[in-house]
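S.K.: This structure is in structure tokens; I'll ask about it shortly.
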Amino acid sequence: ARPPDLDVHIKWPNDVLVGRKKVAGILTEISSDMDRVGFVVSGVGLNANGRRFPEEIEPVATSLALETGGSAPDRAALVRGFLERYEHWYDLFLREGALPVLDRWKALSRTLGSRVAVDGPGGRVTGVAREIDRDGGLLVEDEEGKVHAVFSGDVEAP
């Protein structure tokens, strides 16, 4: 049977949401110089089979099993499907560059157009998330109309 359609979105920069709850997260580490990338390591965490979460994260966390209302997903099929989609987007990136990936990221974004508060290395930025730039930065327009480029941080919808 085909799994049910889920309301899946991305919360900038790296959370995957079903509805308003986090089902997955992606972390990336990069080592680079001005003229070359040494390496990129990505890690993906996916809540597949969880039925209960600690009290402090229960309001914001979910799993595929909970969202589908069914039994736990077949792990091998889940990993295979993930790797096939990952390969598709990686191959597209190699052929056409970052733009198609960025366009899909924007299309799935739950952050763009929303009022946000971002706590990052440069302090707190509040305003409306207007765009994701070509480098993956979130462009936040504050109350005075100034646009801030944010490249890392925790996003909240105040």
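The values are calculated or read from the model by the stated rules, or taken from the named source; none is laboratory data. Here the structure is a predicted model, which means the values were calculated and not measured. FYI the Cβ positions are ideal-geometry reconstructions off the backbone, even for glycines, and counts take in every protein chain you see. Surface areas here come from the heavy atoms of the whole protein model, side chains and all, with no ligands, DNA or RNA. Shrake-Rupley method; radii C 1.70, N 1.55, O 1.52, S 1.80 Å.
S.K.: Leu94: accessible area at probe 1.4 Å, nearest 10 Å²?
M.R.: Estimated to the nearest 10 Å², Leu94 gives 110 Å².
S.K.: If you take every residue apart from Val118 with its C-beta less than 9 Å away from the C-beta of Val118, what net charge results, scoring Lys and Arg +1 and Asp and Glu -1? Let's see the in-between values first.
M.R.: Working: positive: Arg124; negative: Asp119, Asp154, Glu156.
It works out to a net charge of -2.
S.K.: Could you point to the label whose value was computed as volume of the Cα convex hull per residue in Å³ for the structure here, given [x] 146; [y] 154; [z] 119?
M.R.: Only one option fits the structure, namely [x].
S.K.: Can you tell which of Ser32, Gly122, Val18 lies farthest toward the positive end of the dipole of the chain, using +1 and -1 charges on the Cβ of basic and acidic side chains (Lys, Arg; Asp, Glu)?
M.R.: Farthest towards the positive pole: Val18.
S.K.: Would you list which lysines come within 29 Å of Lys21, measuring only between C-alpha atoms, while excluding same-chain residues fewer than 8 positions from it?
M.R.: Result set, ordered by chain and number: Lys11, Lys106.
S.K.: Probe of 1.4 angstrom, ligands and nucleic acids ignored: what's the accessible area per residue over the chain, in square angstrom? Show your work: numbers first, answer last.
M.R.: Details: 10720 Å² over 158 residues.
Using a 1.4 Å probe on heavy atoms only, each residue of the chain averages 68 Å².
S.K.: With labels modelled as points extended 7 Å from the Cα through the Cβ direction, what inter-label distance (nm, one decimal) is found for Val60 paired with Val41?
M.R.: Between Val60 and Val41, the simple spin-label model gives 2.5 nm.
S.K.: Once a ≥ b ≥ c are taken as the square roots of the eigenvalues of the Cα gyration tensor of segment 39-78, is the result rounded (a/c under 1.5), prolate (a/b larger than b/c) or oblate (a/b not larger than b/c)?
M.R.: Details: a/c = 3.26, a/b = 1.24, b/c = 2.63.
Note, shape of segment 39-78 comes out oblate.
S.K.: Further question on the same structure: How far is helix 75-96 tilted, in degrees, relative to the longest principal axis of the Cα atoms in the chain, given as a value from 0 to 90 rounded to the nearest 10?
M.R.: The answer is roughly 30 degrees.
S.K.: Which order do the peptides 79-89, 21-31 take when ranked by the mean count of other beta-carbon atoms within 10 Å per residue, highest first? Before the final figure, lay out each step's value.
M.R.: On the way: 79-89: 11.3, 21-31: 14.5.
Ranked from most to least packed, the peptides come out as 21-31, 79-89.
S.K.: Return the sequence-ordered ³J(HN,Hα) values of segment 108-113 in whole Hz as given by the Karplus equation 6.51 cos²θ - 1.76 cosθ + 1.60 applied to θ = phi - 60°, using x for Gly and Pro.
M.R.: Computed from phi, the couplings for segment 108-113 are 8, 5, 9, 7, 4, x Hz.
S.K.: Moving on. Measure off 7 Å from each Cα along the Cα-to-Cβ vector at Ser32 and Ala107, then give the distance between these two points in nanometres to one decimal.
M.R.: According to this spin-label approximation, the distance is 2.5 nm.
S.K.: In addition: Please give the net charge around Ala24, taking every other residue with its beta carbon less than 12 angstrom from that of Ala24, where Lys and Arg add +1 and Asp and Glu add -1. Numbers along the way, then the final one.
M.R.: On the way: positive: Lys11, Lys21, Lys22; negative: Asp15, Glu67.
Around Ala24, the charge tally is +1.
S.K.: Determine the distance separating the Cα centre of segment 130-146 from the Cα centre of segment 1-53; give it in Å without decimals.
M.R.: Between the Cα centres of segment 130-146 and segment 1-53 lies a distance of 22 Å.
S.K.: Let me spell out the model: positive unit charges on the Cβ of Lys and Arg, negative unit charges on the Cβ of Asp and Glu, origin at the Cα centre of the chain. What dipole size does that give, in debye rounded to 20? Could you put the intermediate results ahead of the total?
M.R.: Working: 20 positive and 26 negative charges, 111 e Å.
It comes to approximately 540 debye.
S.K.: Given a 10 angstrom Cα cut-off, can you work out which residue in Pro73, Pro54, Pro121 is the most mobile in a GNM of the chain?
M.R.: Pro54
S.K.: Would you rank Trp105, Trp12 by solvent-accessible area, highest first, keeping every protein chain in place and using a 1.4 Å probe? Please report the intermediate quantities before stating the final value.
M.R.: Numbers: Trp105 60, Trp12 5 Å².
Final ranking, largest accessible area leading: Trp105, Trp12.
S.K.: Share of the chain's accessible area from carbon and sulfur, percent, 1.4 Å?
M.R.: Within the chain, the accessible surface is 54 percent carbon and sulfur.
S.K.: Below 8 Å, C-alpha to C-alpha, sequence gap of six or more: please give me the relative contact order for segment 16-122 in percent.
M.R.: On the way: 93 pairs, mean separation 17.4, N = 107.
The value is 16 percent.
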